[in-house]
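S.K.: Here's a structure for you.
The values are calculated or read from the model by the stated rules, or taken from the named source; none is laboratory data. Here the structure is a predicted model, which is why all the values come from computation and not from measurement. Cβ: placed from backbone, ideal geometry, glycine included. Neighbour counts: every protein chain shown.
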Amino acid sequence: MTGDVHKTAGLAAAGPQPDGLPPGLSDALRRAADLSRVSDPRLTRALAWWQGLQEDSALIPDRIRLDPTQIPDLLAWAILWDVLPAAEGTATAPGRLLYRCRLAGTMLNDFYGREARGQWLHEQYRDESVAMQVEYDAVVRLRRPLCSEHRMSWADKPFYRYLRLMLPFTHRAAAGRSDTPALRNAPDRVALIFSVISFIGE
């Protein structure tokens, strides 16, 4: 898989850049932040659902508002990631974020050929995990959804292009219960990323 963003049937040509983006952001991430380009039906549906959960257009929805019964048509194509700070005393760079799969849809598990639940991002994406980390980190840092295109190639499967929409959520209840000060003292941090995938061909 690659981390490049391309023009596709599911992503329209880039329009005016979205407001509020920090200077120095890569062109790929700027395109990914331009949600006016999202035209794939599944991702359009997911984005509209997420926006409907916002109490205010400037606020990220909380996990408590994530009701699976509202989106039965999306669940098979979705992955829910926990966003965790690296534990102190580990070899991981201080301040780095880690991503662990909480749940993965049946269609994605079937395609990957394994159960993704419980896997870390680097285990799921392996050699491409560095590129994936950049995008997930950007969702957390920018506190906004991103949508990008990738190409997947494994030895036992043909090439596939796919679109991924990454939707951030807070998790205030979990923050209040956490034994980790970094989590307990930041209830409005991005704690979950709900990703929806749409395969668009070879």
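S.K.: Which one is farthest from D62 (Cα to Cα) among residues in the range 76-94 that are at pLDDT 55 or above and of a type outside the set (A, V, I, L, M, F, W, C)? It would help to see each step written out before you state the result.
M.R.: So the first thing to find is which residues in the range 76-94 are at pLDDT 55 or above, and the list is 76-87, 92-94.
Imposing the further condition that a residue be of a type outside the set (A, V, I, L, M, F, W, C) reduces the set to 82, 85, 92, 94.
Values: D82: 13, P85: 19, T92: 28, P94: 26 Å.
Once the filter is applied, the top-ranked residue is T92.
S.K.: For L98, indicate whether it is modelled with pLDDT of 90 or more and of a type in the set (A, V, I, L, M).
M.R.: So L98 passes the test.
S.K.: Return the residue satisfying two criteria in turn: it lies in the range 1-49 and is among the β-branched types (V, I, T) and at pLDDT 90 or above, and of such residues it is farthest from E135 (Cα to Cα).
M.R.: Of the range 1-49, the ones among the β-branched types (V, I, T) are 2, 5, 8, 38, 44.
Among the residues that remain, those that are also at pLDDT 90 or above are: 38, 44.
Details: V38: 17, T44: 19 Å.
Per the criteria, the residue is T44.
S.K.: Same structure, new question: Given the conditions (1) at pLDDT 90 or above; (2) under 20 Å from A138 (Cβ atoms), report the number of the one that D62 does not fulfil.
M.R.: It is condition (2) that D62 fails.
S.K.: Please list, ordered by first then second residue, the pairs with beta carbon atoms under 7 Å, 6 or more apart or interchain, first in the range 166-178 and under 16 Å from P85 (Cα atoms), second among the hydrophobic types (A, V, I, L, M, F, W, C) and at pLDDT below 80.
M.R.: A175/L183; A175/A186
S.K.: Then there is this: Step by step: first the residues of the range 26-46, then only those that are of a type in the set (A, V, I, L, M) and out of contact with any Cys (no Cβ under 8 Å at 6 or more places or on another chain), then the one that is surrounded by the most Cβ atoms within 10 Å (Cβ to Cβ). Which residue is that? Talk me through it step by step, then tell me what you get.
M.R.: Filtering the range 26-46 down to residues of a type in the set (A, V, I, L, M) leaves 28-29, 32-33, 35, 38, 43, 46.
Retained after the next criterion (residues that are out of contact with any Cys (no Cβ under 8 Å at 6 or more places or on another chain)): 28-29, 33, 46.
Details: A28: 19, L29: 22, A33: 21, A46: 26.
Only one residue tops the list, namely A46.
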